[in-house]
Amino acid sequence: MDEVFGSENFHAQINFKSTSALGQKGLAQAYDYIVWYAKSAEVMKFRPLFRKRDISGDREWKFVDDSDSQVGFRQLTVDELAHRQNDVGVFRRAKLTSSGFTKTCIYEFPLFGVMCKPFGGKSWLTTRQGMERLIRADRLFLLGKNPYARQYFEDFPVVKYDNSWSDQPAAQSRIYVVQTAEKFIDRCMLMTTDPGDLVLDPTCGSGTTAHVAEQRGRRWITIDTSRVAIALARTRLMADRFQFYLLADSPDGVQKEAEITGQLPPPHGTACDIKRGFVSKRVPHITPKTITNNEEIDVIHAKWQEKLEPVRKAFNKCLKQSREEWEIPRQADDGWPADAKKLHAEWWEMRRARQKEIDQSIARCAEHELLYDQPYEDRSIVRVTGPFTVESLSPHRRMSVEQKREGTGLVEGLRIKQVGPDRFGNMIIDNLKKAGIQNRVKQERLKFDTLEPFAGEWIHATGEYTDKSDASHCVALTIGPEHGTVSLELIREAAKEAVKGVGFELLVVCGFAFDPHVDEETKRYGDLEVLTCRMNPDLSMGDQLLKKTGAGNLFMIFGEPDISIKRVSADDAGGADKKKGKKNLRASAQSADEKTADNIVVEIHGVDVYDPTTGQIRSDSTDDIACWFIDTNYDGESFFVRHAYFTGAAEPYDKLKRALRAEIDESAWSALYATESQPFPPPETGKIAVKVINHYGDEVLKVYDVKS
C-alpha cells in the first residue's frame, strides 16, 4: 500500500471486533484490521463520528447536583457508582490551571469565602473576566480550598471514535462466505464521504458496500469476477427497502433545521440536491471556553441581580443577619418567622429561574457536533433502491478463437494444441450428467444416457440421449469459457468439428453468457441442430458449495423471444389510434415506405420454447415472461436499459404493493405493465436489442436491424 499511495499518505490502522474468533489452534484472533490510506493526506476528507460516552465504573464522574446540600452537590456512593440509574446532573471536576504560564491569567479571586490563587507556578485557564462568568454561571465549586470547574455529562455526552472498535456486531445470517458486518462499512463510509460522493468497491462479494452506500445516499460502483457475487448483490439491493432522510436542500429539511437551531433562514429556493447533505441530529459541546466567551451571561446575571439583591437584603433584615448569596441555605429553618420563609422561597425561585436562563444561553451559544450517522428520517416515505446497471465487458473472453487455433503452449519449440475439457470442463460434464438440460416445464428434461469427455479441439464431450419416442440420438457438447462469453466464432468452429464427426445430430453449446447474435448463428448448419444452453452461475461456486444447492435448473434452455416491430407515424405515436399506420416487420426485411416512418413500437408475443425431449419448438405466451427491456440504440457492445416493461401472470401489481407495504400509482404501474412498448425514434446505430427475462431469472438477448 505504501508503494501505491505513498507512505506519507498512511492515516490509520483500525482494529475491529470480528463476529467470531478466527483460527482453531493457538491464540484466537478476535480482531480484523482496516488499513486507511488517503490519496493526499493534506486534503483528506474526514468527518468525525461519535459514540455515547460510557461512564459506568469511571470514578472521575462521582459528583451530582443536590438541591438539599448546602454546597449544591454531593459525591455518589460506591453503590451508586456501581449501579448508575441515569447521568442527569452528574459531573466531574476539571482543572482551572494551565500547564503553561500567562501573565494576564495570574490573579486572585474569591469563591465561597475562600481567596483562590494559582499554585505550582501555573496560571489560570482564563482571564479574570472569564472566571467571573464561570462563577456567575455556577460552574465552579471547592474541594477543600482548591477551585475546580464542573464538567457535566450533558455538556458533551459523546466521545469520538478512535482506531479501536470493540463493539462486536450482532450475529447475522450470512449470504456470502466472506461478508463484512454492515456497521463497520457504514462507519468507514460516513467518516470519509458526504452524500452524493462516489464509492468504489473492487471486491463486491455480497454487495455490503453498495447496500450501505445506497442507504446513505452515496453513489457507488462495485466490481467482482464472480457471477454469483454479482447476482447476490443485485438481488440484495433490489429486494430491500431503505430509510428516507430529510434533505438539507428541501422545504421539509429547511423547516427541520429552523426547529433545531431556533433561527429562520432568509427565504431561498430549494432543489433537493443530495450533495447539500442531510439534516442530522447534533449534540452540544460545552467547554469552559464557550462559557467564558459568552457575554450574554453578564446581561442575564445583571438583570436578575436587580431583583435578587432587594430580596436578599430584606431576608437578612428580617433575620437580623448579613448573609452573602452563597451563604443563603437551600432549606428554610423551622424557627424562622413567616416573612423570612416567604422571602427565602421567593429568592430561591428567582435564583433557579436565573440559573435556568443562563443554562439555556450556554446551550444556545455553545458549539455543536453533527452526528453524521443519525440523520432525521421521514417515516411517511418508503424508499427503494435507485436506478443502477449491471455491466460487463462484452465480449470478454479468456482466450480468442484465433489464439486457440495457433496454440498457446510451447514445449521445446513445438506448439501444443489444447484438446478436450480442462478442470472446469470436467466439472461441467459431471454436473450435466446428473442434472440434464431443463426448460421451464419440469417434465421436459433432456437426460443423457451417456456423456463422456472427448479429446476434441472444440468439442469437449459426446453422448447419447433417448427422446419420448424411444429414438436414440448422438450429441456433441461444447463448453464456453469459465470467465467469458460464448462468441459466434466458438459456435462456428464447434459446429464445423461436429459436422465432420460421425452421426452427431445435436450440438449443445453451454455457457454463462452469449454474444447477442448467437441465435442467428445456430440456424445455419442444416441437419445439425445447434442448441444454446445457459449454465446457472451457481456452477462457479465449486463442488463443495454446489452440493448444498441441488441439481435443479443448473442447465436451462430459454427460447428466442417472439418479437414484432411496428412503424408508426407521429400522429399514431401520440396515441390517437395506435392501430392505424402500423406496419408489422420481422426485423429482417424493410421496404422503402417503412424507412420513412417516424417512430418504432416493439411488441412481444411470447417466447419460442425448445422441447429438448422431442426437438420441437413451440410458442408460449407472455405469462412466462417476468420482464423485458429494450436498448433503443444498441451499439453492438453494451446493453443499456432505455425501456423497461413487466409482464407475467399472478397479479404482480398486488405483489409489489405487499412487498413495499405502500400504495403505488396504478396508472404509472399500468404504463410499465405492458407487452407493447412506447414509441421511440429509429436508432442512430441502426440496431435495437431486446432482452427478455423469465421468472427463473434466465435471460436472452436478441439484436434486430432497424434502419432509419
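The values are calculated or read from the model by the stated rules, or taken from the named source; none is laboratory data. Predicted model only: the values in this text are computed from it and were never measured. Here the Cβ is made from the backbone with ideal geometry for all residues, glycine too, and neighbour counts use every protein chain on show.
For this structure, a couple of remarks:
- Contacts under 7 angstrom Cβ, first residue in region 302-320 being closer than 18 Å to residue 335 by Cα, partner small (Gly, Ala, Ser) and assigned to a helix (DSSP H, G or I), 6 or more apart: 315/340; 318/340; 319/340
- Total residues in region 281-308, condition touching a Gly at 6+ places or on another chain (Cβ under 9 Å), in a helix (DSSP H, G or I) and surrounded by fewer than 18 Cβ atoms within 10 Å (Cβ to Cβ): 1
- Each residue in region 434-455 was checked for being in a loop (DSSP other than H, G, I, E, B) and either surrounded by fewer than 15 Cβ atoms within 10 Å (Cβ to Cβ) or at pLDDT 85 or above (or both), and 7 pass.
- If the condition is being part of a loop (DSSP other than H, G, I, E, B) and out of contact with any strand residue (DSSP E or B) (no Cβ under 7 Å at 6 or more places or on another chain), then region 165-184 contributes 170, 172, 173, 174, 175, 176, 177, 178, 179, 180.
- Residue list for region 328-349, restricted to those being exposed (fewer than 13 other Cβ atoms within 10 Å of the Cβ) and either of a type in the set (S, T, N, Q) or assigned to a helix (DSSP H, G or I) (or both): 331, 338, 345, 349
Residue by residue, here is whether (1) at pLDDT 90 or above; (2) surrounded by 14 or more Cβ atoms within 10 Å (Cβ to Cβ); (3) within 30 Å of residue 14 (Cβ to Cβ) holds:
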{"residue": "99", "(1), (2), (3)": "no, no, no"}
{"residue": "126", "(1), (2), (3)": "yes, yes, no"}
{"residue": "139", "(1), (2), (3)": "yes, yes, no"}
{"residue": "149", "(1), (2), (3)": "yes, yes, no"}
{"residue": "153", "(1), (2), (3)": "yes, yes, yes"}
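- Number of the condition not met by residue 418 [criteria: (1) modelled with pLDDT of 85 or more; (2) part of a loop (DSSP other than H, G, I, E, B)]: (1)
- Region 189-280 holds helices (runs of 4 or more DSSP H) entirely within its bounds, and those carrying 3 or more residues that are over 22 Å from residue 368 (Cβ atoms) and in contact with a Leu (Cβ under 7 Å, 6 or more places away or on another chain) map to 208-215.
- Qualifying residue in region 498-507 (condition: within 20 Å of residue 556 (Cα to Cα) and part of a helix (DSSP H, G or I)): no
- Of the residues making up region 457-483, those that are touching a strand residue (DSSP E or B) at 6+ places or on another chain (Cβ under 8 Å) and outside any strand (DSSP E or B) number 6.
- Region 468-524: number of residues that are among the β-branched types (Val, Ile, Thr) and touching a helix residue (DSSP H, G or I) at 6+ places or on another chain (Cβ under 8 Å): 7
Matching residues to (1) of a type in the set (S, T, N, Q); (2) surrounded by fewer than 16 Cβ atoms within 10 Å (Cβ to Cβ); (3) over 25 Å from residue 372 (Cα atoms):
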| residue | (1), (2), (3) |
| --- | --- |
| 18 | yes, no, no |
| 28 | no, yes, yes |
| 50 | no, no, no |
| 60 | no, yes, yes |
| 70 | yes, yes, yes |
| 91 | no, no, yes |
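- Per-region count, region 447-488, residues closer than 27 Å to residue 228 by Cβ and either over 46 Å from the mean Cα position of the chain (by Cα) or of a type outside the set (Phe, Trp, Tyr) (or both): 17
- The residue pairs whose first member lies in region 67-93 and is farther than 24 Å from residue 328 by Cα and in the same structural domain as residue 143 (by TED's automatic domain parsing), whose second member is in a helix (DSSP H, G or I) and at pLDDT 80 or above, and whose beta carbons are closer than 7 Å, counting only pairs six or more residues apart or on different chains, are 87/153.
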